[in-house]
Each structure stands twice: as C-alpha cells, then as structure tokens.
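Values in this text are rule-based calculations from the coordinates and carry no lab data. Worth saying up front: this structure is predicted, and the values here are computed from it rather than measured. Positions of Cβ are generated from backbone atoms using ideal geometry, with glycine treated the same way; all protein chains shown enter the neighbour counts.
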Amino acid sequence: GQQVMQIPQYQHVQEGEDFTTYCNSSTTLSNIQWYKQRPGGHPVFLIQLVKSGEVKKQKRLTFQFGEAKKNSSLHITATQTTDVGTYFCAGPGQYGNKLVFGAGTILRVKS
Amino acid sequence: ETGVTQTPRHLVMGMTNKKSLKCEQHLGHNAMYWYKQSAKKPLELMFVYNFKEQTENNSVPSRFSPECPNSSHLFLHLHTLQPEDSALYLCASSQEHSFYEQYFGPGTRLTVT
C-alpha cells in the first residue's frame, strides 16, 4: 500500500542551529501537508503544497515540494525552543478519502 | 482553538466497561476522522466519515464502534478494551476528503486498566 516515510525519526539540535526533515512518498501526490504537534498537544496544520517544485516560507520555516511530487522537506532556520515538537508530513491516500501520515520527526532544541 | 472539541479529555476504564468518546466540530466540515496515537508510534487512522457515511475502516477491532449521526458529531463507542488500547484518541475534521487540511481536536487520553 501507499507509504509516506520521514527521516530522521529524531533530531536534537542546539538552539540557533538549522533543522531539516524529509518526507518521501511511494506514490505521486496531488498535494502534501505539514503538521506540527507540540509535546502534550495535538497536530496542528502548518501548510499545504500543491505545485511541482513549489517553495513556501513561513518566517523561519521553508517548505519544498519536489519536482516529481513524491518528496518534500521542511527546513527551520535558527531553531528556537518554541520549535520543539513532532513534525508530520501527510499526503492523500490512493482513493482520496484520507490522509496518509508519515511517522513524524521529533525535534528537541537545547538552549 | 475550539473548532474541534473532544470529551472527555481523560478517561480511565476497566476492561469490562463500556464508554463513549465524543467529538464535535464547529467548522462546517463534511469529513470527520478518528485516529489512535500511541506512545512513540505514528498516527494510526481508524475511521473516516464523509457526509455521515463511513468511507474507511482501517481494520479496527470490533471493540471500537464509531457512530456519526450528523456531519458535526462523531462518537467512538468502546467496550471490552485491552490494556494495549491505551492511547491518545484524536478526532479530526476537514472540508471534505484528503485535499483539504485537517483540524484536530485536543484528544482523549485513554487508559485501560
């Protein structure tokens, strides 16, 4: 079945360092979404990418959608302690009735 | 955020109990979802409802029984659960299907003793 894989599983960075998480799908996606879940919280939608090669920015966060629409990345510049949490990517299921989530990347930031 | 509410927020139940989880969305969405999130595990989709019709049952054991009386409400009825069912149960809604972003509720932290 369709799979969405994320790497790394876990990353611990020093405050001020950059962070990147990668998402790869076994199938071409019509769109990809990114979510953030703070410790003890619930997933919160961050952004959706639709176009091949699309790049979107939200302050220190940069999101990219690959040319083949099978991979994506989230890059955080100069991490802060408020960035801690788990970042999930998700893409539409084969029949379009659900999202398939990656396993998530847990980010910890040392101050 | 109060777009999607869930009650109760915490629940402790014995293996022979029957309980229900409730989810309500105030966003005018047409699709609703139940997810299970266990410690150090990815989000597991359990059920999908679109316009009150169940469109996905992800091989969930029959001790979990969903109910969607209308597009705004979703229930998860629980009976004879096992300790391994202890997890965070998240409800989500979206405009419809997978093209649109999902809005999650705060979850119900379930402990089965």
Once normalised by the length of chain A, the mean sequence separation of its alpha carbon contacts under 8 Å that are 6 or more apart gives a contact order in percent of 37
Cα-centred dipole magnitude for chain B, charges only on beta-carbon of K, R (+1) and D, E (-1), debye, nearest 20
460
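Explain nothing, just the number: dipole magnitude of the range B:1-50 about its Cα centre with +1 on each Lys and Arg Cβ and -1 on each Asp and Glu Cβ, in debye rounded to the nearest 20.
280
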Which of B:LEU81, B:LEU45, B:LEU27 ends up with the largest GNM mean-square fluctuation for chain B, with Cα atoms connected below 10 Å?
B:LEU27
Distance in Å, no decimals, from the C-alpha centre of the range B:1-27 to the one of the range A:70-111 is 26
Using the per-residue mean of other Cβ atoms lying within 10 Å as a proxy for protection, in what order, highest first, do the peptides A:76-84, B:8-16 fall?
A:76-84, B:8-16
Can you compute the charge dipole magnitude of the protein assembly as shown about its Cα centre, using +1 on each Lys and Arg Cβ and -1 on each Asp and Glu Cβ, nothing else charged? Give it in debye, rounded to the nearest 20.
300
Please compare each pair in B:LYS22/B:LYS52; A:LYS36/A:LYS110; A:LYS110/B:LYS22; A:LYS98/B:LYS18; A:LYS59/A:LYS110; A:LYS70/B:LYS52 to a cut-off of 26 Å on the Cα-Cα distance and tell me which ones are over it.
A:LYS110/B:LYS22; A:LYS98/B:LYS18; A:LYS70/B:LYS52
Relative contact order of the range B:1-61: what whole-number percent is it, with Cα pairs under 8 angstrom and at least 6 residues apart?
23
Counting only other chains, and only Cβ atoms inside 10 Å, what mean value do you get across the residues of B:41-50?
4
Regarding the range B:11-54, what whole-number volume in Å³ per residue does the convex hull of its Cα atoms give?
121
quick note, the protein assembly as shown, DSSP beta bridge pairs, % antiparallel (nearest 5) is 90
Alpha-carbon Rg/Rh ratio, for chain B, with Rh computed the Kirkwood way:
0.94
Rounded to a whole number, the mean other protein chain Cβ count within 10 angstrom for residues of A:33-40 is 2
Take A:MET5 and A:HIS75, extend 7 Å from each Cα along the Cα→Cβ direction, and tell me the distance between the two endpoints in nm.
2.3
Residue farthest toward the positive end of the dipole of the protein assembly as shown, with Cβ of Lys/Arg at +1 and Asp/Glu at -1: which of B:PHE104, A:ASN71, A:VAL13?
A:VAL13
GNM top mover of B:PHE99, B:PHE47, B:PHE64 - chain B, alpha-carbon springs below 10 Å
B:PHE99
Partner shielding of A:91-99, taken as the mean number of other chain Cβ atoms within 10 Å, equals 6
